[in-house]
1. Which aspartates and glutamates, if any, have their Cα less than 20 Å from the Cα of Lys168, not counting same-chain residues under 8 positions apart?
2. Roughly how many nanometres apart are two label points built 7 Å out from the Cα toward the Cβ at Ala158 and His123?
3. Quick check: residue separation of Arg4 and Glu91 times 0.36 nm, minus the Cα distance between them. What number comes out in nm?
4. Let's test the formula: R0 of 30 Å, r as the Cβ-Cβ distance of Ile81 and Lys145. What FRET efficiency results, to the nearest 0.05?
5. Hydropathy at least 1.0 by Kyte-Doolittle, axial extent at least 27 angstrom from the Cα trace: which helices of the chain, defined as entire DSSP H runs, fit?
6. Using amide H atoms built 1.01 Å from N in the peptide plane, name the residues 5+ places from Lys65, or on other chains, whose amide H lies under 5 Å from its own.
7. So what's the chain giving for Cα Rg divided by 2.2 N^0.38 Å, two decimals?
8. Only sites in a loop by DSSP and with at most 14 other Cβ atoms within 10 Å count here; which trypsin sites (Lys or Arg not before Pro) in the stretch 1-31 make the cut?
Amino acid sequence: MDSRIKIIQGDITTQKVDAIVNAANSSLLGGGGVDGAIHRAAGPELLDECRSHGGCLPGQAQITKGYRLPAQYVIHTVGPIWHGGDRGEPELLRSCYRSCFRWAVAHDLHTIAFPSISTGAYHYPVEEACRIALSEAADFLAGNKTIVKVIFVCFDAATHQAYLAASKSL
Ligand code: APR
């Protein structure tokens, strides 16, 4: 695996990176899980800026400033809700990662941290989701020299273990 990819267990809101990714919903108006944690840590100005975007479709992403976060930017992406896997969920999840990397390139970012998109409230099986996350990062980095670090920040031990296991089998 590309040595620029790191897998850690922790809280994404404390990461000192150019951008953290938010696993948002299509309203972009906040929610629970990592979305709630990011809005709480960033402060109310984040919600104001999110409102101005008018939402986001699954598989796509929008970028805002990070406000009170250590990260300069937040890239908000909307993962697929898991319905069994035959409603385009893998393609949509891949598209989330690709959309985030496009924003990273557009803003000349060097470091980016991802949560485990869709594997909480949206119930995407983590063993499948993390293979997509890691393979999209590896594919992107194979053609990119400006990003120096991609961190996958796993909140709980089971997610962390799944990412570590997937990274060994890639
Ligand atoms: N740092 C890193 N990861 C976190 C944090 C945090 N502070 N808080 C939660 N997580 C983890 C969860 O444990 C899970 O592994 O993020 C992963 C994604 O879970 P969710 O936040 O539930 O995101 P998702 O499954 O994509 O569901 C999106 O949840 O809150 C809503 O508005 C959001 O409706 C949207 C839905």
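1. In chain and number order, the partners are Asp2, Glu127, Glu128, Glu136, Asp139, Asp156.
2. 1.4 nm
3. Details: separation 87, 0.36 × 87 = 31.32 nm, distance 2.41 nm.
Contour length minus the Cα-Cα distance gives 28.9 nm.
4. Values: r = 35 Å, r/R0 = 1.17.
The calculated FRET efficiency here is 0.30.
5. Sorted by number, there is nothing, because no helix extends far enough and scores high enough.
6. Residues meeting the amide H criterion: Val74.
7. Numbers: Rg = 14.4 Å, N = 170, 2.2 N^0.38 = 15.5 Å.
Normalised by 2.2 N^0.38 Å, the Cα Rg of the chain equals 0.93.
8. Working: sites: Arg4, Lys6, Lys16; in loops: Arg4, Lys16.
Those satisfying the criteria are Lys16.
Values in this text are rule-based calculations from the coordinates and carry no lab data. None of the values given here were measured: they were computed from a predicted structure. Cβ atoms come from the backbone with ideal geometry, glycine included; neighbour counts cover every protein chain shown.
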